[in-house]
1. Which of the residues that make up the stretch 106-133 are within 25 Å of Asn2 (Cα to Cα) and either in contact with a Phe, Trp or Tyr (Cβ under 8 Å, 6 or more places away or on another chain) or at pLDDT below 75 (or both)?
2. Among all residue pairs at least 6 apart or on different chains, which show Cβ distances below 6 Å where the first residue, located in the stretch 3-14, is closer than 15 Å to Tyr78 by Cα and the second is modelled with pLDDT of 90 or more and not in a helix (DSSP H, G or I)?
3. Among the listed residues Ala141, Ala94, Ala56, which satisfies the condition of being within 30 Å of Pro5 (Cα to Cα) and either surrounded by fewer than 18 Cβ atoms within 10 Å (Cβ to Cβ) or modelled with pLDDT under 90 (or both)?
4. Restricting to the stretch 1-33, count the residues that are over 21 Å from Leu106 (Cβ atoms), in contact with a helix residue (DSSP H, G or I) (Cβ under 7 Å, 6 or more places away or on another chain) and assigned to a helix (DSSP H, G or I).
5. Can you name the number of the only condition in (1) of a type in the set (Lys, Arg); (2) more than 10 Å from the chain's Cα centre (by Cα); (3) closer than 24 Å to Ala41 by Cβ that Arg76 fails?
Amino acid sequence: MNDTPSLLRKMLLWALGLVVVLPVMLLAGYACLAAMIIIPAMSFERLDDPWAYHLARLGAVVVVAMGLLGLRAGGRLYRHFLRSTRAPAWARSAWLGLACGTAANLVFLGWLPRLEQFELILLGWPLLGSVAFALLLLLGARQRRHPALG
C-alpha cells in the first residue's frame with residue numbers, strides 16, 4: 001500500500017507551509033521564547049507586587065508553554081504529512097499539541113483588549129494551521145482504518 005502523498009497534495013502542503021506554518025513558527029516561536037524569559041524576570045524584579053499579578057504572570061507562562069507545544073506539534077505534523085498520507089503513530093500526542101496550541105491562541109486573543117478586524121485575523125492566523133492539521137489527521141486516521149480508501 002502506497003501512502004506517499006500525490007504531487008497535488010504536496011503542493012497544497014507546501015503552500016500551507018509557506019503561508020501558515022513558516023510565518024507562525026517564526027513570529028510565534030520568537031515571541032514565545034522571548035515571553036518565557038521576560039515574564040519570569042518581571043516576577044523576580046517586582047517581588048512586592050500583589051499575588052494576583054504574580055498568578056497572572058504564571059498563567060501567562062503556562063499559556064505560552066501551551067503555545068510552544070502547539071508549535072512543536074504543527075511542525076512535526078507538517079514534516080510527517082509531506083512524507084505520508086496516513087496519521088502518524090503519535091497521533092494522540094499530535095491531537096494534544098494541536099489542542100494546546102488552539103487553546104493558547106484563543107486565550108491570548110481573549111486577553112487582549114478590543115481588537116480591530118485586521119488584528120484579529122493576523123493574531124488568529126495559527127488557527128488556520130490547527131484546522132488544516134486536524135483535517136489531515138482525520139483523513140489520515142480514516143485511511144489507516146480503511147486502507148482501500150487511500
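1. Scanning the stretch 106-133 gives a single hit, Phe133.
2. Once the first residue is closer than 15 Å to Tyr78 by Cα and sits in the stretch 3-14, its partners that are modelled with pLDDT of 90 or more and not in a helix (DSSP H, G or I) give Pro5/Thr85.
3. Ala141
4. Summing the residues that are over 21 Å from Leu106 (Cβ atoms), in contact with a helix residue (DSSP H, G or I) (Cβ under 7 Å, 6 or more places away or on another chain) and assigned to a helix (DSSP H, G or I) in the stretch 1-33 gives 3.
5. Condition not satisfied by Arg76: (3).
The values are calculated or read from the model by the stated rules, or taken from the named source; none is laboratory data. Keep in mind it's a predicted model, so treat the numbers as computed, not measured. Ideal geometry is used to build each Cβ from the backbone, glycine not excepted, and the neighbour counts take in all protein chains shown.
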